[in-house]
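Undergrad: Can you keep this structure in mind? I'll have questions shortly.
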Amino acid sequence: MSLVITGASLLGERTGDLYVDDAGVLVDEAPAGAETIDADGLVALPGLVDLHTHLREPGREDAETVLTGSQAAALGGYTAILAMANTSPVTDTAEAATRVWELGREAGLVHVQPVGAVTRGLAGEELAELGLMHRSRAGVTVFSDDGKCVHDARVMRRALEYVKAFGGVVSQHSQDPALAGPSACCHEGELSGRLGLPGWPGIAEEVIVARDVMLARHTGSRVHVAHVSTAGSVEVLRWAKGQGIDVTAEVTPHHLLLTTDLLAGYDPTFKVNPPLRPQEDVDALRAALADGTIDAVATDHAPHARHDKEHAFVDAAFGMVGLETALGVVRTALPDLSWADVARVMSVTPARIAGLADHGRPLEPGSPANVVLVDPSATVTVDRDASASLSRNNPWHGRGLTSRVVHTVHGGRVTVRDGALAD
Ligand SMILES: NC(=O)N[C@@H](CC(=O)O)C(=O)O
Ligand SMILES: [Zn+2]
Ligand SMILES: [Zn+2]
């Protein structure tokens, strides 16, 4: 179905119309018989790309499936998501990766790009079949043991050497298990002491980031730092980039807006890895995103069933949902970021990091029609029950967030119309 989108503000810079042909590609003339979307007052961006999504299929379809996660992604303005490997079983074979890729195609709402595990079963010992996953139909290029840190430096070195051959990247969950003990469940600081909760200090992240940028330099391979959470990690990244080391980094929406004080109520909704940090870290993360030291925003959408989350704080699962709220949180946390910069950190750069050639493209003839249309002046009050996700661990419930995703177009197909899933 061809499409004419009229009067949108393209990246907030100039008003223009967008034309989409039957093949789902942007063209320079209005196709005959096209559906029209009136986008007057809306900002058009390339469809968002999430480098870090947890779908729970296979294994925990009660918490999320590829379909429900894809729906949440489309509602959040995404046209591509990377599905983390910590499912059950783990995505550590070509067959498992291909299955996730197929489920994504069947859901048909966003491109679901499987992330492959670095090590078998995320055990941190033997490398998974990285080459076979890359050569499979899923075409895996991003590898991660996320949820666990590849803590053995020798294993990390070998993984980097291996993926270098085909331009792959290792996305690291930076958490030194020796410094952040097995029961660590929040930021280590004055508050964790007062609350009597075992903390995990920023240094447990920073030593791994520092080690990994040196391994990237040594191997000439590419490292991506998942969910950066401290000012110290930002300093290391700034230095590494200055040296020309091939490293990229992401920050989550929640680390840009929420701080560790929220833990005073012992509400496990706010329990996440890495933990919410003090305001000084949040300020450093915002500045680093604005100046390009941090390359991308990634949701780390981590749905959990009620019976895994509703526990005493120490026993509850780590993680929060985030696909539907990411853009609103970024707009709220960084109101001065230009729309072109929002496109850069939420679409263009993540697509480049993941090697997704059809995403993050300029809104110009010849590009695949992956587009999101946003109302920049709306405020949305988040309701955790009005969500496509199967999980309700939503830290934004009841909050007002700036901007609203109105329409999403994936490959020329309208997936979200007027803020609701299209039929
Ligand atoms: N972020 C989280 O707190 N949890 C993630 C794992 C992870 O990203 O480390 C999960 O899979 O639930
Ligand atoms: Zn992680
Ligand atoms: Zn994660």
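Every number in this text was worked out from the coordinates using simple rules, so none of it is lab data. A quick note: this is a predicted structure, and the numbers were derived from the prediction, not measured. Virtual Cβ from ideal backbone geometry, glycine too; neighbours counted across all protein chains shown.
Undergrad: Determine the equivalent ellipsoid of the range 1-159 by diagonalising the alpha-carbon gyration tensor, then write out the semi-axes as square roots of 5 times the eigenvalues, largest first, rounded to whole Å.
TA: Equivalent ellipsoid of the range 1-159: 37, 16, 14 Å, largest first.
Undergrad: Something else now. At 0.36 nm per residue, minus the direct Cα-Cα distance, what do Ala123 and Ala165 gain on full extension? Give it in nm, one decimal, please. Intermediate results must be reported in sequence, preceding the final value.
TA: Values: separation 42, 0.36 × 42 = 15.12 nm, distance 2.34 nm.
Fully extending the segment from Ala123 to Ala165 adds 12.8 nm.
Undergrad: Please go through the range 1-89 and write out the GluC sites (Glu not before Pro) that DSSP classes as loop and that have at most 16 other C-beta atoms within 10 Å. Let's see the in-between values first.
TA: Values: sites: Glu13, Glu29, Glu35, Glu61, Glu64; in loops: Glu13, Glu29, Glu61, Glu64.
Taking the range 1-89 and a limit of 16 other Cβ atoms within 10 Å, the loop GluC sites (Glu not before Pro) found are Glu13, Glu29, Glu61.
Undergrad: Taking loop as defined by DSSP and a crowding limit of 16 other beta carbons within 10 Å, which chymotrypsin sites (Phe, Trp or Tyr not before Pro) in the range 122-215 fit?
TA: Sparse-neighbourhood loop chymotrypsin sites (Phe, Trp or Tyr not before Pro): Phe166.
Undergrad: Using a Gaussian network model of the chain whose springs link C-alpha atoms within less than 10 Å, name the residue from Val150, Val406, Val321 with the highest mean-square fluctuation.
TA: Val406
Undergrad: How far, in nm, would the chain grow between Asp385 and Arg417 when pulled straight, counting 0.36 nm per residue and subtracting the alpha carbon separation?
TA: Values: separation 32, 0.36 × 32 = 11.52 nm, distance 1.96 nm.
Extra length available between Asp385 and Arg417 comes to 9.6 nm.
Undergrad: Let me ask something else about it. Could you tell me, in Å, what Rg and Dmax come out for the Cα atoms of the range 153-237?
TA: Answer for the range 153-237, Rg first and Dmax second: 14.6, 49 Å.
Undergrad: Another question, then. Along each of its three principal axes, how wide is the spread of alpha-carbon positions in the range 68-203, in whole angstrom units, largest first?
TA: Here the Cα extents, ordered largest to smallest, are 50, 39, 24 Å.
Undergrad: Kindly identify the chain as rounded, prolate or oblate by the Cα gyration tensor criterion: order the square roots of the eigenvalues as a ≥ b ≥ c, call it rounded if a/c is under 1.5, otherwise compare a/b with b/c, prolate if a/b is larger, else oblate. The partial results should precede the final answer.
TA: Details: a/c = 1.57, a/b = 1.34, b/c = 1.18.
Prolate, since a/c reaches 1.5 and a/b exceeds b/c.
Undergrad: Considering only DSSP beta bridges with both partners in the chain, what is the antiparallel share in %, to the nearest 5? Please report the intermediate quantities before stating the final value.
TA: Details: 27 of 56 bridges.
Of all bridge pairs located within the chain, approximately 50 percent are antiparallel.
Undergrad: Under the 0.36 nm per residue contour assumption, what length would be gained going from the current alpha-carbon distance of Asp62 and Asp17 to full extension?
TA: Working: separation 45, 0.36 × 45 = 16.20 nm, distance 4.16 nm.
Additional length available on full extension: 12.0 nm.
Undergrad: Relative contact order for the chain using alpha-carbon pairs under 8 Å, separation at least 6, rounded to a whole percent?
TA: Numbers: 1080 pairs, mean separation 82.1, N = 423.
19 percent.
Undergrad: At a Förster radius of 41 Å, what calculated FRET efficiency corresponds to the Cβ-Cβ distance of Ala264 and Gln243, to the nearest 0.05?
TA: Details: r = 40 Å, r/R0 = 0.98.
Efficiency at R0 = 41 Å is approximately 0.55.
Undergrad: Top mean-square fluctuation among Val209, Val234, Val49, Gaussian network model of the chain, C-alpha springs under 10 Å?
TA: Val234
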